[in-house]
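Below is one structure, written out as structure tokens; the observations come after it.
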Amino acid sequence: MARSIFLATLTLAAWTPMVQAQEANPEAETAARVALDAFAACVAERDPGESLRVLNRDFRTNAYRNGLRLLASDSRGDCAYDAVGQRNALRSSNLLMAGSIAENWLEQGDAPVNVRIARAVETPAETFAPTDAVAQCLVRSMPDQVGALFATVPGDSAEGTSASPLLAAIEPCSQAAEITSRIEMSVPALRAMIATAALRLVAQSENPDA
């Protein structure tokens, strides 16, 4: 997972927004993920074009990382304030931040996520890493399950239930992509990887010149 983005560095007038996930505390981690989702929803709604432009890039590049950092910087401060309040800080990895924004961007379309994916399954989309190839396979093979996962609240018990068939399909997708190393990932990482892969697939289908 890439280096963390610290939204605590944001300042707007006299306040600094801050919320931190405590990995040893499941309740705090869930609260942090919910706050991140709220922040990402605000970013995707406020800047859908820029969100697409950034997340449609090769995530290995400096242009992608810098663009994501700018998206997360929330220069006006309104998204962070709405998500986490005046006295808190939001901390996230690049992967989870990108995944949350991608998921919320997908949900703002004129059709359900699974329908948008199903329309795009025949569209070619470049992948940039073994895990990305697996995520792209999962998205194309299981659009309904992806839609069901995105419909759950991060950290909720329903999320784990919805993620189970996707986790079970990692090995077959690894074999299909001729990946010999074993791939394991947490539910948050799975959700984020699938979201970024789905965004690039749908974007290529709906906006081939983007």
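Readers should treat all values here as calculations from the given coordinates under stated rules, not as data from a laboratory. In this text, all values refer to a predicted model and were calculated from it rather than measured experimentally. Using ideal geometry, Cβ is built from the backbone for each residue, glycine included, and neighbour counts are taken over all protein chains shown.
Listing for the model above:
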{"quantity": "Note, ³J(HN,Hα) from phi for segment 159-168, Karplus 6.51, -1.76, 1.60, rounded to Hz, x at Gly and Pro", "calculated": "5, x, 5, 5, 6, 3, x, 6, 4, 5"}
{"quantity": "In segment 138-210, GluC sites (Glu not before Pro) in a DSSP loop with at most 11 other beta-carbon atoms within 10 Å", "calculated": "GLU178, GLU184"}
{"quantity": "Built amide H within the under 5 Å cut-off of SER92, gap 5+", "calculated": "ILE5, LEU7"}
{"quantity": "Cα gyration tensor, segment 110-210 - rounded (a/c under 1.5), prolate or oblate", "calculated": "oblate"}
